[in-house]
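Below is one structure; the comments refer to it alone.
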Amino acid sequence: MTAENNSNDVRPAPSGLEGVIFGPSSITFLDGHRGCMFYRGYNILDLAEKATYEEVVHLLWEGSLPGREKLAAFTKPLVAQRALPPEVIRFLKELPKKSHPMEVLRTAVSLLSHFDPDAADSSPEALRRKAERLTAKTSTLVAAWDRIRNGKEPIAPDPSLSHAANFLYMLKGEKPSVIDVQALDAYMTLLADHDLNASTFAACVVTSTLSDLHSAVTAAVGALKGPLHGGANEKAMEMFLEIGDPSKAEAYIEKALAEKKKIMGFGHRVYKVEDPRSVPLKAIARRLGEDRKELRWFEIAVKVEAAVYKRKTVKTNVDFYSAPLLYLLGIPIDLFTPLFAVARVAGWCAHVVEQLEHNRLIRPRTDYMGPTDRTFAPIDQRG
Ligand code: ACO
């Protein structure tokens, strides 16, 4: 049975909803053929080079880039809301130390709603306050969990530091260098939003039921965790470590492709050319490698890229050069995807707000292929 003879007048969508336009949006535009991407009309390459993550969050939420005064007022609650409720820290200490940080983040985002005075309020004002808290606290959660699992006390946020600098400080306990802050800030800017990717769609589906922001972001974290989405950055780094030396990249890729394996950090549903985020991420990864006099991971990545291009038409995506970039910043590999969430939470919140502005329950159909009209048999008469 196909949808044609299904009872309702519906036709099957392409597999994976490929090419389906879900609805209007004015947040992020991707041009998959030209390989470019814009937040509210600004090219992300300009933003990554010239704007801070905080300016970009303002852009996503307010629709415009702020002047100095506006930015100061906008940043204030983002800084003031960084600390975690003590109950959440106590809870984190009870979790098994081997839990993956994405599992912890998924649970902890949900937990935060119990301590959010606006948890059940979805008025625009309450949504904004919750978006500020979630954006501020997600960073603290990720850093705190890394400390806790390593038997250390979480480090209190430093209000004098930017969002990116404060994350590195809370993770490592020392003030980061300018080059490291610039690298992480640009990374976070490039990952702050990306149209209707799987995690953002998950957030929109939850929102469409008129559920709350914490539920939407929890679902988004769950969707981001998978290796076909945000989890690919960790897998890409594991691959670079396994390759170990640039001279071994070609043979590794040849074998992996012969075995029909997917190479993590390659391919994209929308981009038919290189993911525009790859270019600045590659440049930053190189800069960090030169700064540390450790170009091995960058060079392996370059060789892998060339080896794949030689054999397949797939191009690198955002997760590919993110991997050496984050590794060189000293971020533990299993924090790569949580850090992606730290950047993306601002985009999720922007889409939740937009969804509510024109909400209609998201409720597609399956193309039912199973049997119909079967005769019911009582349990004793079944084989
Ligand atoms: N390695 C090797 N071949 C690939 C890859 C890859 N990473 N990605 C796609 N291909 C090939 C497929 O084998 C397929 O080839 P075929 O037509 O000869 O069978 C073709 O390209 C189309 O691939 P699909 O998997 O059908 O593309 P889809 O749009 O469904 O998937 C996805 C996109 C999930 C990103 C896919 O490219 C993939 O699995 N990549 C690896 C995981 C990854 O890097 N994910 C991060 C994406 S970016 C993000 O979410 C932040």
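The values are calculated or read from the model by the stated rules, or taken from the named source; none is laboratory data. Keep in mind the model is a prediction, meaning the values are calculated, not measured. Heads up, the Cβs are rebuilt from the backbone with ideal geometry, glycines too, and the neighbour counts pull from every protein chain shown.
Identify, from the list M188, M237, the residue that is closer than 22 Å to K303 by Cβ and part of a helix (DSSP H, G or I).
Details: M188 fails: closer than 22 Å to K303 by Cβ.
Only one candidate qualifies: M237.
Looking at region 277-302, which of its residues are buried (at least 20 other Cβ atoms within 10 Å of the Cβ), touching a residue at least 60 places away in the same chain (Cβ under 8 Å) and charged (D, E, K, R)? Listed by number, the list holds a single entry, R277.
Quick check on region 208-222. Is at least one of its residues modelled with pLDDT of 95 or more, surrounded by fewer than 20 Cβ atoms within 10 Å (Cβ to Cβ) and among the β-branched types (V, I, T)? So far as region 208-222 goes, yes, one or more of its residues are modelled with pLDDT of 95 or more, surrounded by fewer than 20 Cβ atoms within 10 Å (Cβ to Cβ) and among the β-branched types (V, I, T). Of all residues in region 39-68, those satisfying the criterion of being of a type outside the set (K, R), assigned to a helix (DSSP H, G or I) and farther than 21 Å from R133 by Cα are I44, L45, D46, L47, A48, E49. So in region 300-348, with the set limited to residues that are within 12 Å of the ligand (Cβ to nearest atom) and among the small types (G, A, S), which one is farthest from P246 (Cα to Cα)? Checked region 300-348; the qualifying residue farthest from P246 (Cα to Cα) is G347. The single condition from (1) without any contact (Cβ under 8 Å) to a residue 12 or more places away in the chain; (2) outside any loop (DSSP other than H, G, I, E, B); (3) within 11 Å of the ligand (Cβ to nearest atom) that A223 fails is (1). Contact map, region 143-163: first residue under 24 Å from T75 (Cβ atoms), second residue basic (K, R), Cβ cut-off under 6 Å, separation 6 or more or different chains; pairs are P154/R147; P157/R82. Under the condition of being within 16 Å of the ligand (Cβ to nearest atom) and either part of a loop (DSSP other than H, G, I, E, B) or of a type in the set (F, W, Y) (or both), the residues counted in region 247-295 number 20. Checked across region 227-236, the condition of being of a type in the set (A, V, I, L, M, F, W, C), at pLDDT 95 or above and over 30 Å from A198 (Cα atoms) holds for no residue.
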